[in-house]
Amino acid sequence: MTGSDRDGTRIAVITADITTLDVDAVVNAANQGLKGGGGVDGAIHRAAGRAKLREACAAIGGCPTGDARITDGFDLPARHIIHAVGPRWKDGTKGEDDLLAGAYRASFALAARHALRSIAFPAISTGVYGFPKDRAARIAATECLIAAESGAFDAILLCCFSEADALVYGKALEREAER
Ligand code: AR6
């Protein structure tokens, strides 16, 4: 586990199945339709209870790329799910960086608005959406460090699904924290 303490906020990179985490909010790497899918989205829908989460997402309707929406956590240990829509990687010139940063920022903004003090993110956009991991990790680390400065959070977890990814996100966090 790699971590950084910023203004009373613990930022940590962990390797875990995000559906097992006991936090105020887990972030889902969702799609614009909020209809569920594969990867972490599929895992979250399964663990939260498919029918209940599908109904809650249908009531919201959808979410643009770079933005986020919130639902209850239903059967998850996490109290809430923040559904963030990261961009599909194209070639890096189509606004991908800003859209990914936007997905993190919108998630933090929603969490703060609901007074949620612990939040865990998956490696948004780096699976099916194909975003280069180094680049996604740098953006994630930067946004976590900015959010930590607000004082709104006790714990921010970057939850990777493999040790290899945790190494990439951990290095990015160390690098960005030193800047
Ligand atoms: N816990 C933590 N991380 C996980 C888990 C898990 N249980 N399962 C997978 N990951 P992806 P994206 C990691 O593809 O690239 C979906 O179909 C995975 O190893 O889930 O943003 C949606 O519906 C990877 O590092 O999300 C969208 O259509 C990271 O989660 C689309 O995929 C993100 O991979 C979103 O693509």
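Side notes on the structure shown:
- Residues in region 145-179 that are assigned to a helix (DSSP H, G or I), in contact with a strand residue (DSSP E or B) (Cβ under 7 Å, 6 or more places away or on another chain) and over 21 Å from Asp41 (Cβ atoms): Leu145, Ala147, Ala148, Glu149, Glu163, Gly170, Leu173, Glu174, Ala177.
- Within the option set Arg69, Arg46, being more than 12 Å from the ligand (Cβ to nearest atom) and more than 19 Å from Phe131 (Cβ to Cβ) holds for one residue only, Arg69.
- Residue within region 24-34 that is within 8 Å of the ligand (Cβ to nearest atom) and over 21 Å from Arg88 (Cα atoms) present: no
- Some residue of region 86-106 being touching a helix residue (DSSP H, G or I) at 6+ places or on another chain (Cβ under 7 Å), closer than 21 Å to Ala16 by Cβ and surrounded by fewer than 22 Cβ atoms within 10 Å (Cβ to Cβ): no
- Wholly within region 22-138, helices (runs of 4 or more DSSP H) carrying at least 2 residues that are over 28 Å from Ala172 (Cα atoms): 39-48, 50-60
- The residues on offer are Ala43, Ala115, Ala120, Ala48, and the sole one that is among the aliphatic types (A, V, I, L, M) and surrounded by fewer than 14 Cβ atoms within 10 Å (Cβ to Cβ) is Ala115.
- Restricting attention to region 18-52 and to residues that are hydrophobic (A, V, I, L, M, F, W, C) and in contact with a Phe, Trp or Tyr (Cβ under 6 Å, 6 or more places away or on another chain), the residue that is nearest to Arg69 (Cα to Cα) turns out to be Val27.
- Pairs where the first residue, in region 142-158, is among the β-branched types (Val, Ile, Thr) and the second is surrounded by fewer than 16 Cβ atoms within 10 Å (Cβ to Cβ) and modelled with pLDDT of 95 or more, C-beta under 9 Å, 6+ apart: Ile156/Arg10
- Looking across Thr15, Thr71, one residue alone is among the hydroxyl-bearing types (Ser, Thr, Tyr), out of contact with any Phe, Trp or Tyr (no Cβ under 8 Å at 6 or more places or on another chain) and modelled with pLDDT of 95 or more. It is Thr71.
- Positions within region 142-161 being more than 14 Å from Arg117 (Cβ to Cβ), of a type outside the set (A, V, I, L, M, F, W, C) and open to solvent by 40 Å² or more (accessible area, probe 1.4 Å), in sequence order: Thr142, Glu149
- Of all residue pairs spaced 6 or more apart or on separate chains, those with beta-carbon atoms under 6 Å, a first member in region 79-90 that is over 13 Å from Gly36 (Cα atoms) and a second member that is assigned to a loop (DSSP other than H, G, I, E, B) and among the hydrophobic types (A, V, I, L, M, F, W, C) are Gly86/Ile124; Trp89/Phe131.
- Listed conditions (1) over 14 Å from the mean Cα position of the chain (by Cα); (2) charged (D, E, K, R); (3) open to solvent by 70 Å² or more (accessible area, probe 1.4 Å) are all met by Arg6, apart from (3).
The values are calculated or read from the model by the stated rules, or taken from the named source; none is laboratory data. Every value quoted in this text rests on a predicted model; they were computed, and no experiment measured them. When we count neighbours, we look across all protein chains shown, and the Cβ atoms used for this are built from the backbone with ideal geometry, even at glycine. Surface areas here come from the heavy atoms of the whole protein model, side chains and all, with no ligands, DNA or RNA. Shrake-Rupley method; radii C 1.70, N 1.55, O 1.52, S 1.80 Å.
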